[in-house]
1. Go through the stretch B:51-64 and give me each residue that's at the interface with another protein chain (Cβ under 8 Å from one of its Cβ atoms) and in a loop (DSSP other than H, G, I, E, B).
2. Just a yes or no: is a residue in the stretch A:2-12 within 19 Å of residue A:83 (Cα to Cα) and surrounded by fewer than 19 Cβ atoms within 10 Å (Cβ to Cβ)?
3. From the list B:308, B:301, pick out the single residue that is in contact with a strand residue (DSSP E or B) (Cβ under 8 Å, 6 or more places away or on another chain), farther than 30 Å from residue B:119 by Cα and crowded, with 22+ Cβ neighbours inside 10 Å.
4. Of all residues being under 17 Å from residue B:70 (Cβ atoms) and more than 8 Å from every other protein chain (Cβ to nearest Cβ) in the stretch A:65-98, which is surrounded by the most Cβ atoms within 10 Å (Cβ to Cβ)? Just the residue, please.
5. Check whether at least one residue in the stretch A:21-30 is away from chain B (no Cβ under 14 Å) and part of a loop (DSSP other than H, G, I, E, B), and report yes or no.
6. Is it fair to say residue A:41 is in contact (Cβ under 8 Å) with a residue 24 or more places away in the chain, touching a helix residue (DSSP H, G or I) at 6+ places or on another chain (Cβ under 7 Å) and surrounded by fewer than 18 Cβ atoms within 10 Å (Cβ to Cβ)?
7. If I go through the stretch B:219-245 residue by residue, how many of them are assigned to a helix (DSSP H, G or I), out of contact with any helix residue (DSSP H, G or I) (no Cβ under 8 Å at 6 or more places or on another chain) and surrounded by fewer than 17 Cβ atoms within 10 Å (Cβ to Cβ)?
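The values are calculated or read from the model by the stated rules, or taken from the named source; none is laboratory data. Fair warning: this is a prediction, and the values are worked out from it, not measured in the lab. Please note: Cβ atoms are built from the backbone with ideal geometry, for glycine as well, and neighbour counts cover all protein chains shown.
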């Protein structure tokens, strides 16, 4: 198939450091190429891809040092270019929220829109009602709940390239891991409390955004004086297998409706069990008692850490490969593309299929 | 004429406190109604207008306490609604940057877009090149310089309702005034230095945004200990005539390409002379030696303050009424609407007229 992938322009594809959406676009795009498809990626020029790149901006917006820039103008220009070339593709797959809705109304049925963020926001129901013809894909069943009436055609979980991760031969297993971003809704404070209760060391590998610096200084830093907590800062992809693979478990004690939770499957890719809060997509991602445990209190979490030691790391890795490999994600999207394409050729309405 | 005015949704129309664009939309809309036209205003529900209001959001975004909201979705929904009703209007006048560009491509010649912000930003030239068919109005000649190739059909300066301001019967005249926002590019530090040099007291009426709090604490607050500087905080419309009208002059020592500078004409409306830096639109707004002085150094500014005392406040007010009354602005926009409407009926291209 001739497939266009439309990335957001905020981070490079894949991102140099943090950034979930652009990472998934990179994984999906490469996996589709590997499966023999003709893929064109619209993204900023710093993308690294096996597809044909259409560079619509000289670099990603977030790290662009230019003092005056317009993310709105940049995304509008990109959509204008995609529209101009729309006839070249069998399907056009958008990953940048809803900014493309005004452009493709007449060919909405040849498009797929994956929503990557939380949807429980004011202003969204009205906008999604107005453009209800667009076929949407959610990244978890939980994510789509605030917009139940839209044209959801599938839930497709995120996928990662298995070759980037490995199960540690002899995992150290003497610490718990917290990976991601320091912010109130990620609850690093709760991770610290759980580790204390479980009697294990906690290593925190996380970035601190400007908006979260006050929270870090006031709430988290005072807790770091304890010798059982180690703050290692932000880490890159190359360090993740070591950091995650040697942990007794990943703690994911979040306090918000997480639409997916990429770090959980990064841990699984390293064979590391996950102890995660019953929030958002968590129960869909964790196989209870197999790849980890879903908990609702610090007491349950501490008990789960003990039980996690007994889980089989090779099994966790195999479940990851079966459910969350990038190729699995790509095959599921190809099913969606084919379904849309078939319906389009027959000129029949595209039915909503769960 | 049947005229639609499309306001941004960030502030109420007019704003409860600070906010230039929505204030101008309010003034223009009411003035067009007063001139007998059939005007529909698309805005948030907290608008106060003599036109017919189409409320497209329950309240303006900026002060809406809801923790999760999407300004993009809100503006897209509004534009969708305007598009649905476009046939009801002879002309549709947009004030919300370029978010409407994808919606009205086929009827661009029935639209007017006033740009209210600075245009020297990355990403803008590319987007404005792609939608070059839209007739644009600048709020100063200086503002349009970064986008010289677009379809500029007029420069129309801002206007204010004369009845909201008055010349003080016996102006105190023993202080200089600084009004607006505390931020590095507004240069309140320079205002303090000029006042010192001129041997006059300075009163600062300004809001401090969250992003500018560090600048205020580190740069401005230490300068306030001097008894010759008084910080009076943010003031509302009702207090402005008193604050401005009693000042010896308004200081406007900005350090950025100001696209218009509304506070200058607020001062003129009170008969108060303006001493302003040669930046952005300033030389277009100030009539040298009549309504104030345009300067390039603190020395020139201090000398201008002395000379300003000799300017005739009734003349300043009359120049304001002739150049910057809301009704003058409305008449100029009506000229533009008629020109577009004529060209459209004859199906001739709309020529760019300076």
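1. Hit for the stretch B:51-64 is B:64, nothing else.
2. Within the stretch A:2-12 (the criterion being within 19 Å of residue A:83 (Cα to Cα) and surrounded by fewer than 19 Cβ atoms within 10 Å (Cβ to Cβ)), the answer is yes, since at least one residue qualifies.
3. Working: B:301 fails: farther than 30 Å from residue B:119 by Cα.
The match here is B:308.
4. For the stretch A:65-98, the residue satisfying everything is A:94.
5. Among the residues of the stretch A:21-30, not one is away from chain B (no Cβ under 14 Å) and part of a loop (DSSP other than H, G, I, E, B), which makes the answer no.
6. No, not satisfied.
7. Residues in the stretch B:219-245 being assigned to a helix (DSSP H, G or I), out of contact with any helix residue (DSSP H, G or I) (no Cβ under 8 Å at 6 or more places or on another chain) and surrounded by fewer than 17 Cβ atoms within 10 Å (Cβ to Cβ): 7 in total.
Here's the yes/no breakdown for (1) out of contact with any strand residue (DSSP E or B) (no Cβ under 7 Å at 6 or more places or on another chain); (2) surrounded by fewer than 17 Cβ atoms within 10 Å (Cβ to Cβ):
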{"residue": "B:156", "(1), (2)": "no, no"}
{"residue": "B:159", "(1), (2)": "no, no"}
{"residue": "B:169", "(1), (2)": "yes, yes"}
{"residue": "B:183", "(1), (2)": "yes, no"}
{"residue": "B:202", "(1), (2)": "no, no"}
{"residue": "B:207", "(1), (2)": "no, yes"}
{"residue": "B:215", "(1), (2)": "yes, no"}
